[in-house]
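The values are calculated or read from the model by the stated rules, or taken from the named source; none is laboratory data. Quantities reported herein were computed from a predicted structural model and do not represent experimental measurements. Neighbour counts run over all protein chains shown; Cβ positions are idealised from the backbone, glycine included.
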Amino acid sequence: MSAPLVRHPGEYRWETRLLAVVTATLVAFGITTVYGASSLVRTQGGYAGGAFALSQLSGALIGGILMLTLSRMDYRLLRPLAWPILLATLLLLLIPVTPGIKNLLAREVNGARRWVNLGVVSIQPSEIAKLAIVIWCAMLATKKGEGVREFKKGLVPFLVVIGLVCVLIIGQPNMSMSVLVALLGGIVLFSAGAKIGHFLLLGFAGVIVGLQAIKFAGYRAARLDTFLNGADGTSQIHQSLVGIGSGGIFGGGLGQGQQKLGYVSYAYSDFIFSTIGEEWGLIGICLIVFLYGLFCWVGFRIARSAEDPFGQYLATGLTAAVGVTAVLHMFVTLELMPTTGLTLPFISYGRSSLVVSLVGVGLLLSVGRMRGKPEKRASAAARRAEA
């Protein structure tokens with residue numbers, strides 16, 4: 001038998017380049033859309049459109065530099081850093097829920113403490129938690145191997161850590177982000193070979209816990225009631241549909257949307273997909289859906305062709321972090337699920353979200369760039385020989 005052909009790194013290069021182009025397109029579209037969606041938002045200094053766009057641009061520059069730097073790094077260096085990254089994230093998550101400290105470092109916005117002020121920068125720990133959980137789960141799943149199929153020794157350690165992170169995020173409160181973090185951890189474990197029966201059991205338990213969390217928070221119960229019993233003409237979710245429908249095929253034009261005039265709160269973040277439909281029309285919506293679909297397609301191709309399990313699980317989780325978040329955001333604006341407050345990756349206003357998303361893309365590009373490298377093939381062959 002002839003020796004199997006080894007793909008040259010150049011044959012993979014188009015995937016990483018395409019991923020970078022798609023990401024840059026979404027970021028540029030996001031800055032433009034944020035400017036249009038916030039052009040009539042009043043602040044102490046006047047209208048917020050320019051300030052919001054500049055803030056988003058600064059986040060894009062910072063995140064872009066980090067993305068390029070990480071894309072040239074060997075992603076395998078993250079394996080020994082998985083625990084320190086997770087512990088640092090847990091410390092940040094503790095700040096908004098710790099009496100005394102939270103009043104000093106965690107500012108309250110609309111009844112929630114989701115941002116931590118570290119002096120020179122203000123960050124959202126729950127955004128970092130998405131990356132931390134993906135990296136940590138990929139590391140531990142690689143270490144356990146087939147052990148992830150066992151419940152007690154394989155799955156329980158993941159449940160303890162993911163559960164702790166989710167509880168801290170709910171305490172902010174931010175239930176939608178805690179659900180997202182749990183989903184990302186589950187996706188990494190599923191890609192590592194965990195049993196589907198375990199997921200069904202945990203999913204059932206998660207639904208029960210989630211319903212109890214909704215029951216004890218009045219605003220969550222109100223959102224669920226609005227979704228189940230139908231939204232009236234004044235609700236944000238109804239106005240979101242009105243905005244999308246009024247955009248028609250070509251949209252009303254950049255900055256011409258009417259839903260941002262008090263009908264929909266946070267038209268530049270939580271409901272920006274509705275703004276896209278109103279100002280860019282069906283063409284804009286189809287373009288965005290296509291770009292996210294293309295991102296996930298390329299991301300999962302990178303995951304499938306990664307030469308080591310850690311790279312496969314890491315790329316899967318990073319791709320899912322973008323894809324799942326985008327789908328959930330779109331579902332909310334289309335009244336397919338209750339209001340959550342999740343942003344649209346790369347597009348919604350928010351520097352923390354944008355920077356963390358670009359960091360994730362940088363790591364994904366690193367996995368893609370390392371495929372087919374001679375030193376990579378040598379280390380893979382050594383591991384197979386040891387086995």
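See the values below:
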| item | result |
| --- | --- |
| Unmet requirement for THR339, which otherwise passes all of (1) buried (at least 20 other Cβ atoms within 10 Å of the Cβ); (2) modelled with pLDDT under 90; (3) under 14 Å from the mean Cα position of the chain (by Cα) | (3) |
| Check on LEU202, surrounded by 16 or more Cβ atoms within 10 Å (Cβ to Cβ), of a type outside the set (Gly, Ala, Ser) and at pLDDT 80 or above | no |
| Residues of the stretch 248-288 that turn out to be over 17 Å from ILE31 (Cα atoms) and hydrophobic (A, V, I, L, M, F, W, C), as a count | 7 |
| Enumeration of residues in the stretch 296-352 that are assigned to a loop (DSSP other than H, G, I, E, B), within 24 Å of SER122 (Cβ to Cβ) and either free of Cβ contacts under 8 Å to residues at least 60 places away in the same chain or in contact with a Leu (Cβ under 7 Å, 6 or more places away or on another chain) (or both) | THR340, LEU342, PHE346, ILE347 |
| Condition met for VAL179 (surrounded by fewer than 22 Cβ atoms within 10 Å (Cβ to Cβ) and of a type outside the set (S, T, N, Q)) | yes |
| Considering residues of the stretch 220-253 that are of a type outside the set (Gly, Ala, Ser) and touching a helix residue (DSSP H, G or I) at 6+ places or on another chain (Cβ under 7 Å) only, the residue modelled with the lowest pLDDT | ASP232 |
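Yes/no matrix, rows are residues, columns are (1) within 17 Å of SER352 (Cα to Cα); (2) touching a Leu at 6+ places or on another chain (Cβ under 9 Å); (3) of a type in the set (Gly, Ala, Ser); (4) surrounded by 12 or more Cβ atoms within 10 Å (Cβ to Cβ):
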site	(1), (2), (3), (4)
LEU66	yes, yes, no, yes
ASP74	no, no, no, yes
ALA88	yes, no, yes, yes
LEU93	yes, yes, no, yes
PRO99	no, no, no, no
ASN117	yes, yes, no, yes
SER122	yes, no, yes, yes
